[in-house]
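A.B. asks: Please see the structure below; I have some questions.
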Amino acid sequence: MPELTDMQYIRTLAKRHNFSFSKGLGQNFLIDPEVCPAIAEYGIPSRECGVLEIGTGFGVLTQQLAMRSEQVVAVELDRRLQPVLGETLADFDNISVVWQDIMKVDPAEFLKEHFGAREVAVCANLPYYITSPILMHLLESGARFRSITVMVQKETAERLCAEIGSRQAGAVTAAVRLRGDAEQLFGVPRDAFYPAPKVDSAVIRITPYDTPLCTPEQLHRVLKIVKAGFAQRRKTAANALASGLGLSREQVTDALAECGQDANVRFEQLDQETLLRLADALKQ
Ligand code: SAM
């Protein structure tokens with residue numbers, strides 16, 4: 001199997017295929033030999049579970065995934081990688097690569113078409129320019145994933161895994177946390193990549209709840225509130241929500257009071273349970 005963590009081999013491979021790394025596509029490939037096996041170990045619960053990878057690069061993680069799962073399907077946007085993968089993934093017959101933009105894929109349809117009834121986990125070293133949109137795309141699609149184990153920028157990892165109601169939380173925190181558990185698994189320094197990015201990274205795992213916390217309709221309402229609230233997070237919740245949702249201040253303070261909250265509470269202080277109750281209170 002080609003040694004994709006050997007810098008000499010990577011340089012020769014890139015040269016042979018006349019491949020130049022695209023910053024715009026977030027092409028920072030993993031070269032630390034311990035990281036990809038760890039992502040695969042954390043991300044794949046059993047051999048029977050299929051894996052969806054987003055962004056193959058030269059295939060360094062794809063190889064590790066294919067050693068632990070019966071079926072790996074990878075979505076990669078950059079077709080220039082086709083001849084490279086023809087070489088690096090030649091030893092495997094359980095990998096297929098779909099040349100597409102993940103944002104243009106309908107995840108639920110994609111799972112049905114490629115995996116049938118098989119359970120599927122997502123494992124990826126995500127392109128940084130589009131991390132949160134990809135996660136939202138997967139979570140909002142209605143597709144059922146066993147888990148989503150991904151490398152993201154360290155600051156993004158902290159935000160995604162923060163508790164709702166803490167200082168680090170943002171709209172994206174709530175969007176993730178209302179759908180599943182999110183945990184930081186381990187940090188990865190910038191020199192584990194080639195070319196090295198300017199920031200450190202971390203691997204996180206999101207495990208969607210078996211039983212959703214709320215109905216899709218409730219979720220839609222909470223997310224609207226969350227978006228309005230975090231857009232003006234330093235304001236009081238009453239002011240932020242009144243202006244963000246086009247309601248009177250009185251309507252919002254009444255709803256906050258129903259949830260046992262003072263009118264002067266800041267939006268970022270509201271925890272998950274309060275947000276769910278507030279969504280119901282504001283509905284009336
Ligand atoms: N998995 C490889 C690794 O760990 O070395 C590559 C990871 S690299 C950070 C991100 C990969 O995602 C690149 O190969 C890039 O071409 C691909 N990519 C970027 N945007 C994409 C998109 N919208 N859809 C699918 N793949 C994309």
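A.B. asks: Project the alpha carbons of the range 120-170 onto their principal axes and report the range along each, largest first, in whole Å.
C.D. replies: Per principal axis, max minus min of the Cα coordinates gives 33, 21, 15 Å.
A.B. asks: How far, in degrees from 0 to 90, does helix 7-16 lean away from the longest principal axis of the Cα atoms of the chain, to the nearest 10?
C.D. replies: Here the helix axis deviates by roughly 80 degrees.
A.B. asks: Rounded to the nearest 500, what is the chain's calculated 222 nm mean residue ellipticity when only DSSP H runs of at least 4 contribute -39500 (n - 2.57) each, over all residues?
C.D. replies: Taken over the chain, the calculation gives -11500 deg cm²/dmol.
A.B. asks: If the reach is capped at under 13 angstrom between alpha carbons, list the aspartates and glutamates near LYS235, excluding any in the same chain fewer than eight residues apart.
C.D. replies: GLU268
A.B. asks: If you don't mind, there's one more thing I want to ask. Determine, at each q value in 0.12, 0.20, 0.24, 0.25 (inverse angstroms), the log₁₀ of I(q)/I(0) that the Debye formula gives when each Cα of the range 102-194 is one equal point scatterer.
C.D. replies: The Debye formula, applied to the Cα set alone, gives -0.40, -1.04, -1.34, -1.40.
A.B. asks: A further question follows. On C-alpha positions alone, give me the angle between the axis of helix 249-258 and the longest principal axis of the chain, in degrees, nearest 10.
C.D. replies: The angle comes out at about 80 degrees.
A.B. asks: Could you state the angle between the C-alpha long axis of helix 216-231 and the longest principal axis of the C-alpha atoms of the chain, as a value from 0 to 90 degrees rounded to the nearest 10?
C.D. replies: 80
A.B. asks: Provide, in order from the shortest bin, the percent of all Cα-Cα pairs of the range 1-144 in each 10 Å bin, continuing until the bin that contains the maximum pair distance.
C.D. replies: P(r) over the range 1-144, rounded to whole percents: 11, 44, 36, 8, 0.
A.B. asks: How large are Rg and Dmax for the range 216-283 when only the alpha carbon atoms are used, in Å?
C.D. replies: When restricted to Cα atoms, the range 216-283 yields Rg and Dmax of 10.2, 29 Å.
A.B. asks: Under a cut-off of 20 Å between alpha-carbon atoms, report the lysines in cross-link reach of LYS15, not counting same-chain residues fewer than 8 places apart.
C.D. replies: Within the straight-line limit of under 20 Å, LYS15 reaches these lysines: LYS23.
A.B. asks: Another question, if that's okay. So which of LYS198/LYS227; LYS154/LYS224; LYS227/LYS283 end up more than 24 Å apart by C-alpha?
C.D. replies: Listed pairs above 24 Å: LYS198/LYS227; LYS154/LYS224.
A.B. asks: At q = 0.09, 0.11, 0.16 Å⁻¹, work out log10 I(q)/I(0) for the chain with the Debye formula, treating every Cα as an identical point scatterer and leaving solvent out; two decimals please.
C.D. replies: Those come out to -0.48, -0.67, -1.16, one per q.
Values quoted throughout were computed directly from the atomic coordinates according to the rules given, and no laboratory measurement underlies them. Owing to the predicted nature of the structure, the values given are computational and were not obtained by experimental measurement.
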